[in-house]
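S.K.: Just dropping this structure here.
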Amino acid sequence: MTATTTALDALDRLESEAIHIFREVAGEFDRPVILFSGGKDSTLLLHLAVKAFWPAPVPFPLLHVDTGHNFDEVIEFRDRVVARHGLRLEVAEVQDYIDDGRLAERPDGTRNPLQTVPLLDAITTHRFDAVFGGGRRDEERARAKERIFSLRNSFGQWEPRRQRPELWNLYNGRHRPGEHVRVFPLSNWTELDVWHYIAREGIELPSIYYAHRREVYLRDGMWLAEGPWGGPRDGEVKVEKTVRYRTVGDGSCTGAVESDAADIATVIAEVAASRLTERGATRADDRMSEAAMEDRKREGYF
């Protein structure tokens, strides 16, 4: 058996597991929803959902918690994909919460931590009982603790001690009224698996995942771009570089990496040689403390 065949077999197993999870949720829950931002993981998630139910349409709506600090290329791509598949997209706007005083801007301008309240309100308003997310265990240590079916209490909080064992691919979706379950079909995928599968399936992504010229400035070891979220501080100088984004989030805290990887093959080679996860390398919000992600998950974050 060749190395190529082995890799394809591994992708087939991961695909089969994810499709099984989607169908399990469809049979066990009443009102599931897929979190969809237009990033690579949520795009892969939607692609798998389409395969799981083809030729029928995807039976779930999509939900995007929009910080208002998104890259234009990603929002354009999000809307185009939704229209292509004829899906219903619910958008919870962080800006609406800031405008009416339910949330306040942070001193550092980062809005990622502000997504929790709009997310939980949307889940409550629409009575979603299962929420699909694109989190993977290789991304960050708190996500490595997450079950595929992750129970959240009536406040939307993650309680590690209440998580259930998942033996022999058996998933326990029982929950009390007011609780819900976060579901992570990509839990066992790695960033490299994601890119190999994107290559195999020919999945379209926003253009910023590939090398392009952009004006950026250096802050805390990351190349940030100017936008509605702000720009360089005193002493920070904008320069034009060839960069790409490994992950896409709030523009104020999502850094680019210097790269000449302009196509999928060169991206795969670059990811294979990397020794940092995409969040560890490019997400300032995960650097706030050693337990930044775990603290946010306990509050109800993705």
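The values are calculated or read from the model by the stated rules, or taken from the named source; none is laboratory data. In this text the structure is predicted, and so the values were computed from the model without any measurement. No Cβ is skipped: glycine too gets one built from the backbone with ideal geometry, and neighbour counts run over all protein chains shown. The protein model used for the area step is the full one, side chains on, heavy atoms only, and it has no ligands, DNA or RNA in it. Shrake-Rupley method; radii C 1.70, N 1.55, O 1.52, S 1.80 Å.
S.K.: For segment 75-148, give the percent of accessible area contributed by carbon and sulfur heavy atoms, probe 1.4 Å, rounded to a whole number.
M.R.: Details: 1680 of 3490 Å².
After summing per-atom areas, the C and S share lands at 48 percent.
S.K.: Please list, by residue number, everything in segment 47-89 whose backbone N is under 11 Å from a paramagnetic label point 7 Å out along Cα→Cβ of I19.
M.R.: Inside the label zone: 48-55.
S.K.: Please list, by residue number, every one of the chymotrypsin sites (Phe, Trp or Tyr not before Pro) in segment 148-230 that is coil in DSSP and has at most 13 other beta-carbon atoms within 10 Å. Please report the intermediate quantities before stating the final value.
M.R.: On the way: sites: F149, F155, W158, W168, Y171, W189, W195, Y197, Y209, Y210, Y217, W223, W229; in loops: F155, W168, Y171, W189, Y210, W229.
Of the chymotrypsin sites (Phe, Trp or Tyr not before Pro), the ones in loops of segment 148-230 whose Cβ has at most 13 other Cβ atoms within 10 Å are F155, W168.
S.K.: Still on this structure, please answer the following. Relative contact order, percent, of the chain when contacts are C-alpha pairs under 8 Å separated by at least 6 residues? Working shown, then result.
M.R.: On the way: 510 pairs, mean separation 59.8, N = 302.
Value for the chain: 20 percent.
S.K.: Within a Cβ distance under 12 Å of A261, other residues only, what is the Lys/Arg minus Asp/Glu net charge?
M.R.: Values: positive: R244, R246; negative: E258, D260, D263, E270.
Net local charge, A261 excluded: -2.
S.K.: If only Cα atoms are counted, what is the Rg of the chain, and what is its Dmax, in Å?
M.R.: Taking only Cα atoms of the chain, I get Rg and Dmax of 18.9, 61 Å.
S.K.: Could you check what % of the DSSP bridge pairs in the chain are antiparallel, to the nearest 5? It would help to have the intermediate numbers written out before the result.
M.R.: Working: 19 of 32 bridges.
About 60 percent, rounded to the nearest 5.
S.K.: While we're here: Under a crude label model (7 Å from the Cα following the beta-carbon direction), how far is A104 from E76 in nanometres?
M.R.: Roughly 3.7 nm, to one decimal.
S.K.: Roughly how large, in nm² to one decimal, is the mean projection of the convex hull of the alpha-carbon atoms in segment 92-161? Working shown, then result.
M.R.: Values: hull surface 23.8 nm².
Spelled out: convex hull of the Cα atoms, projected over all directions, averaged, 5.9 nm².
S.K.: May I pose another question? Between G133, G173, G86, where does the largest GNM mean-square fluctuation fall for the chain, given springs only between Cα atoms within less than 10 Å?
M.R.: The residue that fluctuates most here is G86.
S.K.: Hey, what's segment 52-168 come to in accessible area per residue, 1.4 Å probe, Å²?
M.R.: Numbers: 5700 Å² over 117 residues.
I get 49 Å² per residue for segment 52-168.
S.K.: Related question: Quick one: longest stretch of the chain between exposed loop GluC sites (Glu not before Pro), exposed meaning at most 16 other C-beta atoms within 10 Å and loop per DSSP? Spell out each step's value before the answer.
M.R.: Details: sites that count: E105, E166, E179, E204, E226, E236, E290.
Excluding the exposed sites themselves, the longest stretch runs over 1-104.
S.K.: With viscosity set to 1.567 mPa s and temperature to 4 °C, compute the Stokes-Einstein D of segment 1-151, Rh being the Kirkwood radius across alpha carbon pairs; µm²/s, no decimals. The partial results should precede the final answer.
M.R.: On the way: Rh = 17.1 Å.
D, rounded to a whole number, is 76 µm²/s.
S.K.: Next question. How would you classify segment 126-244 from its alpha-carbon gyration tensor, with a ≥ b ≥ c the square roots of the eigenvalues: rounded for a/c under 1.5, else prolate if a/b is greater than b/c, otherwise oblate?
M.R.: Numbers: a/c = 2.75, a/b = 1.84, b/c = 1.49.
Prolate, since a/c reaches 1.5 and a/b exceeds b/c.
S.K.: Can you compute the modelled spin-label distance between A56 and W168, with each label point 7 Å from Cα toward Cβ, in nm?
M.R.: Each label point is offset 7 Å from its Cα along the Cβ direction, giving 2.7 nm.
S.K.: Name the residue farthest towards the positive end of the dipole of the chain from the options L103, H47, I123, assuming +1 on Cβ of Lys and Arg, -1 on Cβ of Asp and Glu, about the Cα centre.
M.R.: I123
S.K.: Roll a 1.4 angstrom probe over the protein heavy atoms and tell me the percent of accessible area of segment 190-259 that is carbon or sulfur. Mind dumping the intermediate values first?
M.R.: Numbers: 1320 of 2890 Å².
In segment 190-259, the share of accessible area belonging to carbon and sulfur is 46 percent.
S.K.: While we're on this one: Please state the charge dipole magnitude for segment 20-73, taken about the Cα centre, from unit charges on C-beta atoms (+1 on K and R, -1 on D and E), reported in debye and rounded to the nearest 20.
M.R.: Details: 4 positive and 7 negative charges, 45 e Å.
The calculated dipole for segment 20-73 is roughly 220 debye.
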